Amino acid sequence: MKCIISGGTGFIGRRVVDRLLRETHYVGVWSRKPGLDKRTAVATHIWDPLSSGPEGTPPSESLNGMDCVIHLAGENVAQRWTPEVKRRIHDSRVVGTQRIVDAIEHVRHKPKIFICASAIGIYGNRGDEILTEDSVPGTGFLADTCRAWEAEADRARRFGMRVVKVRIGFVLGKDGGALQKMVPAFRMFVGGKLGSGKQWMPWIHVDDVAEVFAYAVENEVSGVLNATAPNPVRNSEFTKDLASALGRPALFPVPPLALKLAFGEFAQHMLDSARVVPHRLNEAGFQFRHPELKGALRDILG
């Protein structure tokens, strides 16, 4: 299988590339900084989804003859939201996906598969409701962005492509994702639950995310897949298990006002509750390497 991946030099993208290479798939990467990937087995191409110049269009030679397109690139959501940051969050996903699909339309030998990242933010704040791939979207900026993002991905179906939309939860790994800012705070004895801690956190180990994308490449699935571990936990339980894994107490709950001062509008989404489960993967017999939070944290933190 010949695959081209946007964001292939990022936190998740590197794992997806490695996983596909292990199965001897051909892999190409789109990146704003392709020099970040030094692997000789990986073809690199310059593409910046937010560029208004020629670099904003994926090069046709990188698409022509590919079997599969995997779109992972997107502006980091976990930062203080200014109007400019919100524009980049939206456009890197929605406009970026639009530009890929438009580029596919103009290549002679079109890919057969389009696998597009999405996010659990599509479900919004839903309390204790169990959310599967069939649950309706929620409301708010992230939900609206995800809906538009997935709608652009679905446009690829008009070319006869198999389209998969992977809704990713809080990704845990050694060098990025949800733990990157949390671990230092806990190691300095200032970590704690967010707000009441009652909100559900649908987490997933980064290795399992890579396996989900490989599964979507190698199996005849289409539509939505929730890429979350089968056992979501509340924020209070996540906090307790993370503190235990680090040998630290969780002494200081973070009040909503402090989150608001640090992250602005994004703070509310840090307190949202989404009890997301990977129903379709479970039904298909997908084997998670790290189904339980304590085991995942032990693997990551040693």
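The values are calculated or read from the model by the stated rules, or taken from the named source; none is laboratory data. Remember, it's a predicted structure, so these values are computed and weren't measured experimentally. Backbone-built Cβ (ideal geometry, glycine too); neighbour counts: all protein chains shown.
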- Message: Tell me whether segment 194-203 contains one or more residues that are within 24 Å of residue 153 (Cβ to Cβ), at pLDDT 90 or above, crowded, with 20+ Cβ neighbours inside 10 Å and not hydrophobic (A, V, I, L, M, F, W, C).
- Response: yes
- Query: Looking at segment 120-131, which of its residues are under 17 Å from the mean Cα position of the chain (by Cα) and part of a loop (DSSP other than H, G, I, E, B)?
  - Reply: 124
- Item | Residue match in segment 103-116 (condition: of a type in the set (A, V, I, L, M) and surrounded by fewer than 17 Cβ atoms within 10 Å (Cβ to Cβ)) | no
- Can you tell which of 101, 166 is within 24 Å of residue 210 (Cα to Cα) and in contact with a Phe, Trp or Tyr (Cβ under 7 Å, 6 or more places away or on another chain)? 166
- Task: Would you check which residues across segment 163-181 are surrounded by fewer than 18 Cβ atoms within 10 Å (Cβ to Cβ) and in contact (Cβ under 8 Å) with a residue 60 or more places away in the chain and list them?
- Result: 174, 175, 176, 181
- Quickly run through segment 48-98 and pick out the residues that are in contact (Cβ under 8 Å) with a residue 40 or more places away in the chain, out of contact with any strand residue (DSSP E or B) (no Cβ under 9 Å at 6 or more places or on another chain) and of a type outside the set (A, V, I, L, M, F, W, C). 56, 57, 60, 64, 79, 80, 82, 86, 90, 91, 92, 98
- Message: Being touching a Cys at 6+ places or on another chain (Cβ under 8 Å), within 21 Å of residue 59 (Cα to Cα) and modelled with pLDDT of 95 or more narrows it down to one residue among 103, 153; which is it?
- Response: 153
- Is there a residue in segment 20-33 that is over 21 Å from residue 162 (Cα atoms) and either in contact with a His (Cβ under 9 Å, 6 or more places away or on another chain) or modelled with pLDDT of 95 or more (or both)? yes
- Query: Which one is surrounded by the most Cβ atoms within 10 Å (Cβ to Cβ), of the residues in segment 257-301 that are of a type in the set (Lys, Arg) and not in a loop (DSSP other than H, G, I, E, B)?
  - Reply: 275
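For (1) within 23 Å of residue 10 (Cβ to Cβ); (2) out of contact with any Leu (no Cβ under 6 Å at 6 or more places or on another chain); (3) modelled with pLDDT of 95 or more, each residue gets a yes or a no:
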{"residue": "133", "(1), (2), (3)": "no, yes, yes"}
{"residue": "136", "(1), (2), (3)": "no, yes, yes"}
{"residue": "162", "(1), (2), (3)": "no, yes, yes"}
{"residue": "170", "(1), (2), (3)": "yes, yes, yes"}
{"residue": "183", "(1), (2), (3)": "yes, yes, no"}
{"residue": "205", "(1), (2), (3)": "yes, no, yes"}
{"residue": "214", "(1), (2), (3)": "yes, yes, yes"}
{"residue": "232", "(1), (2), (3)": "no, yes, yes"}
